[in-house]
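S.K.: Here you go, one structure.
What follows draws every value from the coordinates through simple rules; no lab data is involved. If you're wondering where the values come from, they're calculated on a predicted model, not measured in any experiment. Positions of Cβ are generated from backbone atoms using ideal geometry, with glycine treated the same way; all protein chains shown enter the neighbour counts.
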Ligand SMILES: [Zn+2]
Ligand SMILES: [Zn+2]
């Protein structure tokens, strides 16, 4: 089946079971302080999993576009992707295991027609210390559906517990999570070898199994004291990778053989004269990176030097280099006509050219120091193999490779620390501090519009427990006087102790009210809107999923609103960092 067929079957199936089909949320979650990109279908739904009523009701499903950037450098195997679609269905305090698992089984075997004999499942083995029992209920349901005991395996929290921050001990207080039950598809032609362990099992890495779906039974919340309590409502959160499911219907574990990638790979084969089967890795990298960059650019994320833009830049530059090594003469033109991509390629090639000139300058004396090599790497994006290659042709006989590797290691540790902190900072976060800053963020956006003008709109957002950050459209530096005026307005609104009100309404009505929305977002027919002040006389109105304080006066427990910094981030985009202290 094609990916489009699998997606449609999934959405039709869950619509027939009474689910509201939601549009895919934007890849850049503007009102979600948690992370760079939307990386799963549940991410935008957290407030609802915690009990807030969703405008779409208690049964929801969608195909969520997702980006994961944790392991860009590891792309190239048969199943990992930077951009992918996650098929999801949710019960918000409605149905539970007794309905969910039979539906998963029915969808896989009847709709996708996967051979039931090749389905294996896993369940949570329980954790006595946490007081969370073994999930025999799920196992019994699987058995009743016809999965024999030998194809049901139990694992600990490392494999069969799901929360946004991983295993129970890593979850911050206030974070929801629960045991899960995964389904694996077996490739009967793969023979397990001892190199992967004594016995084979669904989570074995030998290639015999591919995970195709995961039902999380989200019924716990972590308490301040580290123990677990039951959530007010029991939720189901199912996620299944669209590309993997499509691959399973083709009886392959290689997602690149699906129609999402194959046309690009065929083109690369014909222009390079090389064969995918001989060495699939470069084909996979180019196809993955171009597809991800195309989606991100379509949603307004252009190649740049910081954060999201840098992710796109890295993807494209790597694709250019891999294209060259594959011997594709025309470069990325061979597989794409997206103007932003071709412009980035052109710019990168110029940078490369300049870098090669620099290299020639460094060449004096016949050797290249670790610092010089590293500078070429960071300033010009020169991969070390390219430096070595070019150095060779320029009579540079010695390159301090060991020194370079050491510098690279230090550099990577630093960036990694940065991105982990960001990720965690967000995840830690339905905390009171973050919630207060989120409400302050709404006040700030409105104050910016009042002082600077109606052309101001939000272009990015990030909120941690320590500070808020907003990127917004404005052509010039904000003056000291304007900043003071903006601070004053926000603090006045805090003093006025205005109610913060959540209202659900039809999309058109919210648009009529002039509610601020996310750049490039698509919204469902009914939306959630937060107003500061009563709706009919509101100070600010935004499309938003929350959470927020109930009255602005609560912000004063955090302190006084203060702007720390105002700066440019891109042409026409300014950034403000602010705190309550
Ligand atoms: Zn195995
Ligand atoms: Zn908001």
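S.K.: Arrange 513, 108, 114, 315 by Cβ neighbour counts within 10 Å, fewest through most, would you? Before the final figure, lay out each step's value.
M.R.: On the way: 513 15, 108 23, 114 20, 315 28.
Result, fewest neighbours first: 513, 114, 108, 315.
S.K.: If you count, for each residue, the other Cβ atoms within 10 Å and average over each peptide, how do 289-297, 191-199 line up from highest to lowest? Numbers along the way, then the final one.
M.R.: Working: 289-297: 22.7, 191-199: 10.1.
Going by the mean number of other Cβ atoms within 10 Å, highest first, we get 289-297, 191-199.
S.K.: Oh, and also: So what is the relative contact order of the stretch 456-563, in percent, for Cα pairs below 8 Å that sit 6 or more residues apart? Display every interim value, and only then the final one.
M.R.: Values: 148 pairs, mean separation 29.6, N = 108.
The value is 27 percent.
S.K.: As an exercise, use a Förster radius of 35 Å and the Cβ-Cβ distance of residue 350 and residue 477 to find the FRET efficiency, rounded to the nearest 0.05.
M.R.: Working: r = 30 Å, r/R0 = 0.85.
That pair, residue 350 with residue 477, gives E of 0.70.
S.K.: Given the Cα-Cα distance of residue 537 and residue 550 and 0.36 nm per residue of separation, how much length would full extension add, in nm?
M.R.: Here the answer is 3.0 nm.
S.K.: Normalised by the residues of the stretch 261-337, what does the relative contact order come to in percent, with Cα pairs under 8 Å and at least six apart? It would help to have the intermediate numbers written out before the result.
M.R.: Numbers: 69 pairs, mean separation 26.9, N = 77.
Across the stretch 261-337, relative contact order equals 35 percent.
S.K.: Additional query: Taking 8 Å as the Cα distance limit and 6 or more residues as the minimum spacing, I'd like the relative contact order of the chain as a percentage. Before the final figure, lay out each step's value.
M.R.: Values: 1058 pairs, mean separation 76.3, N = 581.
Taking the mean separation of contacting Cα pairs over the length of the chain, I get 13 percent.
S.K.: Something else: Please give the Cα centre distance for the stretch 2-75 versus the stretch 168-191, rounded to the nearest Å.
M.R.: Value for the Cα centre distance between the two parts: 18 Å.
S.K.: At residue 509 and residue 573, where each label point lies 7 Å from the Cα along Cα→Cβ, what is the point-to-point distance in nanometres?
M.R.: 3.4
S.K.: Taking 22 Å as R0, compute the FRET efficiency from the Cβ-Cβ separation of residue 106 and residue 21 and round it to 0.05. Display every interim value, and only then the final one.
M.R.: Numbers: r = 18 Å, r/R0 = 0.82.
With R0 = 22 Å, the Cβ-Cβ based efficiency is 0.75.
S.K.: Which of 548, 333 has the fewest other C-beta atoms within 10 Å, and how do the rest follow up to the most?
M.R.: 333, 548
S.K.: Now for a separate question. Between residue 232 and residue 113, how many nm apart are label points set 7 Å from Cα along the C-beta direction?
M.R.: It is 4.7 nm.
S.K.: Something else now. So if R0 is 60 Å, what FRET efficiency would residue 562 and residue 275 give, r being the distance between their Cβ atoms, rounded to the nearest 0.05? Working shown, then result.
M.R.: Details: r = 61 Å, r/R0 = 1.02.
Step by step, r from the Cβ atoms, then E = 0.45.
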